[in-house]
């Protein structure tokens with residue numbers, strides 16, 4: 001079972017783009033224009049997913065022809081005299097060069113060392129018909145040149161034309177402090193810290209889903225019940241397909257918490273916001289295998305997270321824990337995860353943050369019987385446990401820390417150090433996609449290795465971002481005793497333009 005993605009894409013893009021031809025100076029000219037000095041743009045989701053969260057209605061009534069940004073003209077295009085129907089256009093172009101030396105510790109065939117170029121393009125259109133109805137469509141194109149590492153030009157890197165988002169929203173007001181937004185169609189899902197559900201924007205081909213969600217806002221809470229099918233069937237040259245064999249559903253609730261802190265680079269006192277998240281997330285997968293146990297996976301994840309400042313100090317924290325239960329075939333599931341982060345923002349203008357972190361995700365105690373391997377679900381995996389993307393949040397213990405500095409305006413430098421162990425010496429080491437990086441039956445060694453990451457990010461303008469980094473993974477006893485164990489090097493540099 002799958003959605004008719006081609007028809008959905010054409011209908012949504014047509015509905016949203018065709019009205020742009022009607023856009024002109026006439027309707028806007030009838031409105032009283034604000035001077036550009038009063039312009040308050042939303043922040044572009046540069047280097048991130050969820051472009052649909054940008055609210056460009058703040059440009060209503062602004063003389064966009066007099067601003068200092070050419071793209072403002074395409075962010076709020078009124079289609080009716082009262083500006084209640086309007087269109088917004090946006091997009092992103094990204095080019096990233098990558099170099100791997102001893103990919104997969106030398107196990108990659110035919111080559112373990114290679115340099116290649118990744119390209120990704122996005123174009124989105126956002127049509128608002130009053131404040132109660134909206135259609136958002138976003139297309140994507142991704143490909144790679146000359147990648148010869150294991151798998152070559154796989155669908156993890158190549159998806160030349162497809163629909164990333166294509167959904168409709170209906171907003172229902174429920175009072176002064178409450179509303180509900182009903183959403184249906186193809187959509188990126190991201191919840192809370194994204195340790196469990198996030199698109200994975202660093203990837204050339206990020207995750208997306210077909211399904212429905214309701215965003216209920218009541219007082220300070222946002223409660224989101226949802227049901228969706230993953231889109232794992234990626235076709236390089238035609239539209240991708242969702243499948244009923246991989247279902248994700250549940251309820252995610254979140255509310256902000258406020259505390260007083262300082263902006264990292266300036267020392268200026270301003271409110272800093274934390275979060276409280278509570279969630280139940282379920283999966284129904286037709287076929288799953290964990291440490292030799294196979295069958296239909298019906299798994300439930302109950303968890304919570306709290307993050308914010310610690311009183312009036314310069315310390316911040318992020319704690320998240322989740323337990324999992326259910327069944328795989330005829331076997332029960334008992335698994336869990338814990339993350340704890342303690343950060344410090346020194347009173348030094350150029351030193352943005354120092355932090356230490358502990359991560360744990362359970363592993364299977366033995367093949368067969370109760371399954372203890374934690375399922376990381378659909379996370380924004382690249383953001384956690386190292387940028388080389390070897391280690392996933394399954395059967396892992398990690399102690400890590402880092403320092404972030406901002407030596408000049410718009411430049412951020414970070415240095416991070418990770419150490420990894422297996423949580424269970426009877427289970428595999430898993431990668432960022434949740435697959436087996438290397439089976440764990442050949443040794444009882446627990447130490448997996450250490451990773452050092454350096455990342456530099458420079459925002460040239462509000463549209464143009466440059467970033468680059470270097471990661472080094474030193475193989476530990478586990479890899480030395482189970483096969484190829486050459487240390488891995490990962491070097492990358494990217495230019496990203498968002499409008």
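No lab work stands behind these numbers, since they all come straight from the coordinates. Fair warning: this is a prediction, and the values are worked out from it, not measured in the lab. Cβ sites come from the backbone with ideal geometry, for glycine too, and all protein chains shown count toward neighbours.
State, to one decimal in nm², a quarter of the convex hull surface area for the C-alpha atoms of the stretch 105-246, i.e. the direction-averaged projected area. Please list the in-between numbers first.
On the way: hull surface 42.7 nm².
That works out to 10.7 nm².
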Practice task
Express in whole angstrom the spacing between the alpha-carbon centres of the stretch 221-239 and the stretch 431-481.
Solution key: 27
Handout entry: Burial ordering of 482, 125, fewest other beta-carbon atoms within 10 Å first
Key = 482, 125
Problem - Burial ordering of 413, 377, fewest other beta-carbon atoms within 10 Å first - result: 413, 377
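Let me have the relative contact order for the chain, percent, based on Cα pairs under 8 Å that are six or more residues apart.
Working: 1383 pairs, mean separation 54.2, N = 499.
The value is 11 percent.
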Completion exercise
The simple spin-label model distance between residue 70 and residue 223, using points 7 Å out along Cα→Cβ, in nm, is 4.8
Handout entry: the stretch 192-219 versus the stretch 271-316: alpha-carbon centroid distance in Å
Key = 13
Practice task
For the stretch 364-499, count the residues as N, evaluate 2.2 N^0.38 Å, and divide the Cα radius of gyration by that value, please.
Solution key: 1.21
Problem - Net length gained if the chain between residue 251 and residue 481 were fully extended (0.36 nm per residue, minus Cα distance) - result: 78.5 nm
Exercise for the section: Quick one: order 457, 306 by neighbouring beta-carbon count within 10 Å, fewest to most. Expected result: 306, 457
Exercise for the section: Could you tell me how many degrees, from 0 to 90 and to the nearest 10, lie between the Cα long axis of helix 5-17 and the main elongation axis, the longest principal axis, of the Cα atoms of the chain? Expected result: 30
Exercise for the section: Using a/c under 1.5 as the rounded threshold, could you call the stretch 443-499 rounded, prolate or oblate? The axes a ≥ b ≥ c are square roots of the C-alpha gyration tensor eigenvalues, and prolate needs a/b larger than b/c, oblate otherwise. Expected result: prolate
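Inverting the mean 1/r over all pairs of different Cα atoms, compute the Kirkwood radius of the chain and quote it in Å.
Numbers: mean 1/r = 0.0410 Å⁻¹.
Computed over Cα pairs of the chain, the Kirkwood hydrodynamic radius comes out at 24.4 Å.
Convert 10 °C to kelvin, take the viscosity as 1.306 mPa s, use the Kirkwood radius over C-alpha pairs of the stretch 246-499 as Rh, and evaluate the Stokes-Einstein diffusion coefficient in µm²/s, rounded to a whole number. Intermediate values should be presented prior to the final figure.
Details: Rh = 19.9 Å.
Value of D from the Cα-based Kirkwood radius: 80 µm²/s.
On full extension of the chain, what length is gained from residue 57 through residue 340, given 0.36 nm per residue of separation minus the C-alpha to C-alpha distance?
Working: separation 283, 0.36 × 283 = 101.88 nm, distance 3.78 nm.
Length difference between fully extended and current span is 98.1 nm.
Only helical DSSP H runs with n ≥ 4 go in: add -39500 (n - 2.57) per run for the chain, normalise by residue count and round the 222 nm mean residue ellipticity to 500 deg cm²/dmol. Mind dumping the intermediate values first?
Details: 3 runs with 22 residues, N = 499.
Rounded to the nearest 500, the figure is -1000 deg cm²/dmol.
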Completion exercise
Rh_Kirkwood(the stretch 298-439) over Cα pairs, Å, one decimal, evaluates to 16.5
